[in-house]
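Here it is, the structure, as structure tokens.
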Amino acid sequence: MPSAQLRAPVSGVMTPLEEVPDEVFASKMVGDGVSIDPTDDVVVAPCEGTITLIHPAHHALTVRSGAGAEIIIHVGLDTIELKGDGFTPLVAEGDQVTTGQPLLRFDQERIIAGASSLLTQMVIANMDVARNLVPAVGLVRAGQDVALSFELSGDAADPAAEARPVDAVVGAPVVVPCATGLHARPAAVLADRARGFDSQVRLHRGDREVNAKSVTAVMTLDVSHADEVWLSAWGPDADAAVSELSEAIRGGLGETIAATGGTPEGEPAVTEPVETEPGVLRGVGASPGVAVGIAVPLTDPDIPVTDSPSGSPEQEWSVFQAAVERARLQLAELETATAAKVGIYQADIFGAQRQILDDPELIEPVEAAVRAGAAAGPVWKDTYQQYADLLSGMANPLLAARGSDIRDVGLRVLTELTGTIPARAELPAGAVIISRDLTASDTAVLDAERVAAIVLTEGGATSHSSILAQSLGIPAVVGCDPRVLDLAEETEVVVDGDDGTVRVDVPAAELAEVRSRLERDAERRRRNLASAHQPAVTRDGHRVEVVCNIGSLDDVRRGMAEGAEGVGLLRSEFVFMNRATAPSEQEQAELYQAVADLVGEGNRLIIRTLDVGGDKPLPYLPMAAEDNPFLGQRGIRVGLEHQEKVLRPQLRAILQAAKTSRAAIHVMFPMISTLAEFRGAKAILEEERVRLAAPAVPVGIMVEVPAVAMMAEQFAREVDFFSIGTNDLTQYTMAMDRGHPKLAPRVDALNPGVLALIRSTVQGAHAHGTWVGVCGALASDPRAAAILLGLGVDELSAVISAVADVKAAVRDLDLSRATELAERAVSSEDASAVRDLLPPINS
Ligand code: PEP
Ligand code: MG
């Protein structure tokens, strides 16, 4: 095996890479190599090669050696923050360099003043070309002493790069801002936009590159938050492709943008199956609730394929295309059915699956093989299984979960192609489905009446089957100890979707206890639903309005059917998100009108204007990435900044609906923090109202910022109502990110500090006869109703499934006792002391 050597890129003292105080280098995520504590200020070439990259901040560059090693030299730690200050490149990208040639000069003093360390790393990014690395020790001289010896392995040449013409357009590196990296949704947005160009477009990360027009290939690049990627393209519109797509990535591709690392919102912490008490198999709770049932193990269907084509290559290709078209149609039907049965967000899963059918990396190999005389079935099966396995094996749980989607779509096409319908046994009542994985299609057609719980050994809490299980109200555990697959059919098990456990061999007495508790819960739920349409009046005659929060048309139907007396919060984000262009004014007006029709005559419908921001960007509304998105351009701040594009059309659409609606439409502004913001937004509403000759509508604000809660009195002179968003109010009061994986459990709205702010809001509001609602998650907790009523809240806006329970809880209360309780809660020491005060739930 040939060996190779790299000279020291700077003079200094060799330091083991593992000891570098930066996790990314120390854990060799960037690549393996050496670190040097520099004694001078010039970086030189460690070998002959080409400069393939100079980082825009000039603190790092890449040299590609003749043998194909991508050698990254990174001066200092956290030096990206210096934004080029103190660095002078002495070469340009594309330059050929010789060993020892000066590449970059740096100013030691500025780096010491502005960054965390001077340690300079030289690592080989494409480790497949190098093995058996031996670093030097002691003092080394730049360009003279060997700093790293290694053996060359494999073929370092990159076939895709070879195919790329020399005049290909290469974009600048982009740091991926999406909180969860390029998982399915942003990968789909990128691939979709890339397909809009005629040029070949490649996405690069490290030494790997893939077809940017293929969502599957983009996902297999395993791009995480803050990874650096870049694009290359060649063809008629290569320039535009590289610049527009780079910009789109920079803008977050419609995803949550995160400024810092850590586990992204919604992503489960990785849980290893752990040995616990006998009879307990652990996984991750993916859909809440407890169930007792009998194990029904399911196995993956294996559809046999034939090696002989159905006729000529043309015939075989049209047979395959027809199968794909039928699969596409079925997915469209499933999308519609799921939207009606579960909700539009869940239905999107099938929209995303349809895109897989357009993926060139999956379809083109089949076309090529079929045109060369092969049968489509085996090629399709190999291709989709290969991608599904690749994704399922990825460390990023969001990407791993998409492996199941590809398998799902792959099987669907195979079923159509072969006419073989995979057999699924008829489920017994109370079935606990146990499987390696369940496809989203399997989950969507599950009969919630027969399925007591779902247990999967793969998948994550964010996999599509988990999302569907949550929506169907079926408890689920995923990532479960694989020994669960060995359970005999009909074993009795207890599944806890809250703590992620499956219990077997549960003593009969305990089983009976769990069963009777579940029965009591179910009975209480039945009773609460039966009385859901009665008003919520306390024992001593105080009436509270109980309304619901909605995020789709279907939600309104369900909310009103489950006893809501109106809508306390229409999160209008659903109208704007998950689409490539802004909704038109007319489209919005029709939607608000349709919601109002369902809310019904005289009932209140509070439409909150768009609440997006740095953390929830829209693909068609470019917003700069921010270091602290929760403290940046959010809610009304975005509305006021993009008046013409967002706020005014939305207000006109709401006013148009108000002109004909029989429901009482109210407008509410999100994330108000100053009176000036409220006045600005209200003035715009008034201008548009006069222009449209629309009736006056009540105008309120969300109370999410502590300053507003403290100044409620001043606001109450001008606003018609307040609605307290306890989710944000708590995060801003506690200075804890509500989605932070470690802190989120402590972001508790029952914290006495938050309760004191609710009290302040109510006192300020009532001093001017203004009413106060609560629409944050606290209003959906039936046990918290006592405290909220006691604090004087006039309206509770709950999630649909909690409406009947909250109403029942109110009927069990006595206002005078609740008032006393609230006072004690506000002066308690912490949220858990408040929790101890709460009355038990009605039994
Ligand atoms: C809240 O902050 O409590 C709220 C209801 O708004 P959202 O959850 O939509 O931010
Ligand atoms: Mg909020």
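I'd like to know if segment 618-641 contains one or more residues that are among the aromatic types (Phe, Trp, Tyr), away from ligand 2 (no atom under 16 Å from the Cβ) and on the phi < 0 side of the Ramachandran plot.
yes
A further question follows. Would you be able to tell me the number of residues in segment 734-755 that are under 19 Å from Ser832 (Cα atoms) and more than 13 Å from ligand 2 (Cβ to nearest atom)?
Counting residues in segment 734-755 that are under 19 Å from Ser832 (Cα atoms) and more than 13 Å from ligand 2 (Cβ to nearest atom) gives 15.
Give Leu53, Leu90 a once-over and let me know the one that is within 25 Å of Arg110 (Cα to Cα), within 33 Å of the chain's Cα centre (by Cα) and among the aliphatic types (A, V, I, L, M).
Of the residues listed, the single one that is within 25 Å of Arg110 (Cα to Cα), within 33 Å of the chain's Cα centre (by Cα) and among the aliphatic types (A, V, I, L, M) is Leu53.
If you don't mind, another one. Can you tell which of Leu778, Leu796, Leu813 is crowded, with 19+ Cβ neighbours inside 10 Å and part of a loop (DSSP other than H, G, I, E, B)?
Selected residue: Leu813, the only one of Leu778, Leu796, Leu813 that is crowded, with 19+ Cβ neighbours inside 10 Å and part of a loop (DSSP other than H, G, I, E, B).
Whether any residue in segment 642-649 is at positive phi and either of a type in the set (A, V, I, L, M) or in contact with a Leu (Cβ under 7 Å, 6 or more places away or on another chain) (or both) is what I want to check.
The answer is no; no qualifying residue exists.
Can you confirm whether Leu692 is of a type outside the set (Gly, Ala, Ser), touching a residue at least 24 places away in the same chain (Cβ under 8 Å) and open to solvent by less than 30 Å² (accessible area, probe 1.4 Å)?
Answer is no for this residue.
Can you tell me which of (1) under 19 Å from Ala779 (Cβ atoms); (2) within 15 Å of ligand 2 (Cβ to nearest atom); (3) outside any helix (DSSP H, G or I) is the one His666 doesn't meet?
Here His666 clears every test but (2).
Scan segment 364-391 for residues that are within 19 Å of Arg412 (Cβ to Cβ), open to solvent by 60 Å² or more (accessible area, probe 1.4 Å) and either of a type in the set (Phe, Trp, Tyr) or in contact (Cβ under 8 Å) with a residue 24 or more places away in the chain (or both) and jot them down.
Matches in segment 364-391: Gln385 only.
Follow-up. Taking helices (runs of 4 or more DSSP H) that do not extend beyond segment 694-762, which have at least 2 residues that are in the same structural domain as His666 (by the TED database) and within 15 Å of ligand 1 (Cβ to nearest atom)?
Passing ranges, in order: 706-710, 726-734.
Pairs please, first residue from segment 206-227 and assigned by the TED database to the domain that holds Val242, second anywhere and β-branched (Val, Ile, Thr) and part of a loop (DSSP other than H, G, I, E, B), Cβ atoms under 7 Å, 6+ apart in sequence or on different chains.
Val223/Val176; His225/Val176; His225/Thr180; Ala226/Val176; Asp227/Val176
Looking at Gly541, Gly551, can you tell me which residue is closer than 20 Å to Ala784 by Cα and in the same structural domain as Gly600 (by the TED database)?
Gly541
Pairs only if they're at least six apart or on different chains, beta carbon under 7 angstrom, first in segment 756-777 and within 15 Å of ligand 2 (Cβ to nearest atom), second of a type in the set (D, E, K, R) and not in a loop (DSSP other than H, G, I, E, B); list them, first residue then second.
Gly773/Glu795
Please find, among Glu686, Glu718, Glu704, the residue that is within 16 Å of ligand 2 (Cβ to nearest atom), at pLDDT 95 or above and either over 23 Å from Cys548 (Cβ atoms) or crowded, with 22+ Cβ neighbours inside 10 Å (or both).
Testing whether each residue is within 16 Å of ligand 2 (Cβ to nearest atom), at pLDDT 95 or above and either over 23 Å from Cys548 (Cβ atoms) or crowded, with 22+ Cβ neighbours inside 10 Å (or both) leaves just Glu704.
Sticking with this structure for a sec: Filter segment 781-792 for residues that are modelled with pLDDT of 95 or more and either under 17 Å from Gly541 (Cβ atoms) or among the basic types (Lys, Arg) (or both) and give the result.
Hits for segment 781-792 are Ala785, Ala786, Leu789, Gly790, Gly792.
Also, quick follow-up: Counting just the residues of segment 763-775 that are assigned to a helix (DSSP H, G or I) and open to solvent by less than 10 Å² (accessible area, probe 1.4 Å), which one comes out farthest from Gly566 (Cα to Cα)?
Within segment 763-775, the match that is farthest from Gly566 (Cα to Cα) is Gly764.
This table checks each residue for (1) surrounded by fewer than 18 Cβ atoms within 10 Å (Cβ to Cβ); (2) over 19 Å from Ser11 (Cβ atoms); (3) of a type outside the set (A, V, I, L, M, F, W, C).
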{"site": "Asp128", "(1), (2), (3)": "yes, yes, yes"}
{"site": "Arg131", "(1), (2), (3)": "yes, yes, yes"}
{"site": "Val134", "(1), (2), (3)": "yes, yes, no"}
{"site": "Val137", "(1), (2), (3)": "yes, no, no"}
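The values are calculated or read from the model by the stated rules, or taken from the named source; none is laboratory data. All of these numbers come straight from a predicted model, not from anything done at the bench. So basically every Cβ, Gly included, is an ideal-geometry build from the backbone, and we count neighbours across all protein chains shown. Heavy atoms of the whole protein, side chains included, go into the accessibility calculation; ligands, DNA and RNA do not. Shrake-Rupley method; radii C 1.70, N 1.55, O 1.52, S 1.80 Å.
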